[in-house]
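Following: one structure in structure tokens, then a few remarks.
Bear in mind these aren't lab numbers, they're just calculated from the coordinates by the rules spelled out. This structure is a prediction, so every number in the text was calculated from the model and none was measured. FYI the Cβ positions are ideal-geometry reconstructions off the backbone, even for glycines, and counts take in every protein chain you see.
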Amino acid sequence: MKPGHLSKQRRALVAAVLSAATAAASAAIRISIWPWKGDKPYPQGDPLPVDLSTLPEGKLLTLNWQDKPVWVLRRSAADLATLSKKTAIELTDAESKESVQPATCRNPHRSIRPEIFVAMGLCTHQGCIPYLSEGKGFICPCHASQYDLAGRVFDDGPAPANLVIPAYRFASDQQLVIGEDA
Ligand code: FES
């Protein structure tokens with residue numbers, strides 16, 4: 001074999017080692033986020049302005065922010081009324097003590113303004129994207145975890161915490177900025 005020339009077997013070995021290292025690195029990133037709960041930091045940075053003036057009640061706006069889906073939902077008075085009927089027995093973390101959110105959103109509706117809900121659109125179990133079941137909440141298609149319209153998880157699924165809420169603030173009545181603290 002010429003010097004500096006790798007044999008076929010060696011090349012296969014190097015490729016296998018590199019592939020294992022890549023898999024380990026991506027697993028480490030995954031483990032660092034999921035399950036997304038406890039004292040993990042809430043997402044911040046990369047300010048994204050959002051115009052709320054054309055967002056009707058009940059419509060879920062999905063935005064791409066930091067390569068992840070972030071949701072904005074304008075909840076109705078009826079939606080808010082259903083939230084207050086949920087009990088701590090049904091919910092895994094009713095007071096959001098083990099969930100990730102800014103302090104301004106640690107309240108029963110998990111938001112700064114009751115009608116506007118902002119959350120990362122990723123299940124706290126393994127990161128699948130839940131869908132909105134109108135008027136009820138969010139359902140994860142992967143292992144059936146369910147969240148109410150405040151992103152509070154029901155305790156009969158595997159997701160361990162409420163949906164993550166990123167930093168956000170209101171720049172004006174109809175202007176939201178995702179990524180910056182209030
Ligand atoms: S990823 Fe949502 S329940 Fe498993």
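Looking at 178, 129, which is the one that is in contact (Cβ under 8 Å) with a residue 60 or more places away in the chain and more than 13 Å from the ligand (Cβ to nearest atom)?
It is 178.
I'd like to check something: does the range 58-81 contain any residue that is assigned to a helix (DSSP H, G or I), touching a Pro at 6+ places or on another chain (Cβ under 6 Å) and in contact (Cβ under 8 Å) with a residue 24 or more places away in the chain?
Of the range 58-81, the ones assigned to a helix (DSSP H, G or I) are 77-81.
Now drop any that are not touching a Pro at 6+ places or on another chain (Cβ under 6 Å), which leaves 80.
Filter again for in contact (Cβ under 8 Å) with a residue 24 or more places away in the chain, leaving 80.
Yes, some residue in the range 58-81 is assigned to a helix (DSSP H, G or I), touching a Pro at 6+ places or on another chain (Cβ under 6 Å) and in contact (Cβ under 8 Å) with a residue 24 or more places away in the chain.
Does residue 111 satisfy being under 25 Å from residue 53 (Cβ atoms) and without any contact (Cβ under 8 Å) to a residue 24 or more places away in the chain?
no
I'm told residue 150 meets every condition in (1) surrounded by fewer than 22 Cβ atoms within 10 Å (Cβ to Cβ); (2) away from the ligand (no atom under 16 Å from the Cβ); (3) of a type in the set (Gly, Ala, Ser) except one. Can you identify the failing condition by its number?
Single failed check for residue 150: (1).
Taking only the range 85-126 into account, find how many residues are more than 16 Å from the ligand (Cβ to nearest atom), closer than 22 Å to residue 72 by Cβ and either surrounded by 22 or more Cβ atoms within 10 Å (Cβ to Cβ) or among the polar types (S, T, N, Q) (or both).
9
Within the range 132-147, track down each residue that is of a type in the set (A, V, I, L, M, F, W, C), more than 14 Å from the ligand (Cβ to nearest atom) and free of Cβ contacts under 8 Å to residues at least 60 places away in the same chain.
Within the range 132-147, no residue meets the criteria.
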